[in-house]
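Engineer: One structure follows; several queries about it will come next.
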Amino acid sequence: MTFAKRITPLECGEGHFIAKLVKKSHQKSDVHAYKIKSKEKDLLKAEKFFSSLFSSELYGQLEKINNNFFILPYEMPDIRNLNVIRAGVLFAEEKKSHIEPHHAVFIAAKENEINNKINFNQCSNEIAVFLKGEEIPCSNCQPGYVGITVEGIPTGFGKYSNGKIKNKYPKGLRNL
């Protein structure tokens, strides 16, 4: 009996590998399990923040793990005692006085679900500047977080204020 499955991109999704591992030793691992610290008021605040960014329903259950909010599948089993590296979609991080969205949630969204967005042509100068990590001008954006799409495909996000979108594109992905 096999306890592993490879799912290619042609079958479904981006391509995945799933395996069931059996621990043979009772030695402690140095990988730590998630510390789920979900409080009702934190989750309500995060849900309200999600609704301000996206027009769609929350497509999973929201959990706060350490200082991060994740959207986990509804069918997901309890992972509190497992050593999981990453589960679900990283939605946002709780900073000192606010919640800041994460790149992953904008990439996971569909263009029509993003409330405040700006669309660029793939050959535009603005998208080239954005992918380098620089600010881009915007005259018709609403204040707050703005989804950046390229010909309808979500690419990242930024924060609009004073006529410019401050870039929130991850440093490791920037086209230098």
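Engineer: So which residues in segment 121-158 are farther than 18 Å from Leu173 by Cα and among the aromatic types (Phe, Trp, Tyr)?
Structural biologist: Tyr145
Engineer: Out of the residues in segment 109-127 that are without any contact (Cβ under 8 Å) to a residue 24 or more places away in the chain and not in a loop (DSSP other than H, G, I, E, B), state the one that is most open to solvent (accessible area, probe 1.4 Å).
Structural biologist: Asn125
Engineer: Across segment 15-37, what is the total count of residues that are at pLDDT below 75, of a type in the set (Phe, Trp, Tyr) and exposed (fewer than 10 other Cβ atoms within 10 Å of the Cβ)?
Structural biologist: Residues meeting the conditions: 0.
Engineer: Can you tell me which residue within segment 85-112, out of those that are basic (Lys, Arg) and over 19 Å from Tyr160 (Cα atoms), is modelled with the lowest pLDDT?
Structural biologist: Arg86
Engineer: Examine segment 75-84 for a residue that is buried (at least 16 other Cβ atoms within 10 Å of the Cβ) and either modelled with pLDDT of 90 or more or of a type outside the set (S, T, N, Q) (or both), and state whether such a residue exists.
Structural biologist: Yes, segment 75-84 has at least one match.
Engineer: On to the next question. Restricting to segment 85-108, what's the tally of residues that are surrounded by fewer than 14 Cβ atoms within 10 Å (Cβ to Cβ) and in contact with a Phe, Trp or Tyr (Cβ under 6 Å, 6 or more places away or on another chain)? Let's see the steps before the verdict.
Structural biologist: Let us first name the residues in segment 85-108 that are surrounded by fewer than 14 Cβ atoms within 10 Å (Cβ to Cβ), namely 85-86, 95-98, 100.
Subsequent filtering for residues that are in contact with a Phe, Trp or Tyr (Cβ under 6 Å, 6 or more places away or on another chain) retains none.
Result for segment 85-108: 0.
Engineer: Also, quick follow-up: Would you check which residues across segment 149-176 are open to solvent by 70 Å² or more (accessible area, probe 1.4 Å) and either closer than 13 Å to Asn116 by Cβ or among the aromatic types (Phe, Trp, Tyr) (or both) and list them?
Structural biologist: Within segment 149-176, the subset open to solvent by 70 Å² or more (accessible area, probe 1.4 Å) is 151, 153, 159, 162, 164, 166, 171-173, 175-176.
Listed by number, the list holds a single entry, Lys159.
Engineer: Next question. If you take the residues of segment 38-57 that are open to solvent by less than 100 Å² (accessible area, probe 1.4 Å) and in a loop (DSSP other than H, G, I, E, B), which of them is modelled with the lowest pLDDT?
Structural biologist: In this case the residue turns out to be Ser38.
Engineer: Among Gly133, Gly147, Gly152, which is the only one that is under 25 Å from Lys48 (Cβ atoms) and touching a residue at least 24 places away in the same chain (Cβ under 8 Å)?
Structural biologist: Among Gly133, Gly147, Gly152, only Gly147 is under 25 Å from Lys48 (Cβ atoms) and touching a residue at least 24 places away in the same chain (Cβ under 8 Å).
The values are calculated or read from the model by the stated rules, or taken from the named source; none is laboratory data. Everything numeric in this text was worked out from a predicted model, so none of it was measured. Neighbour counts run over all protein chains shown; Cβ positions are idealised from the backbone, glycine included. Ligands, DNA and RNA are stripped out before the accessible areas are found, and what is left, the full protein with its side chains, is counted by its heavy atoms. Shrake-Rupley method; radii C 1.70, N 1.55, O 1.52, S 1.80 Å.
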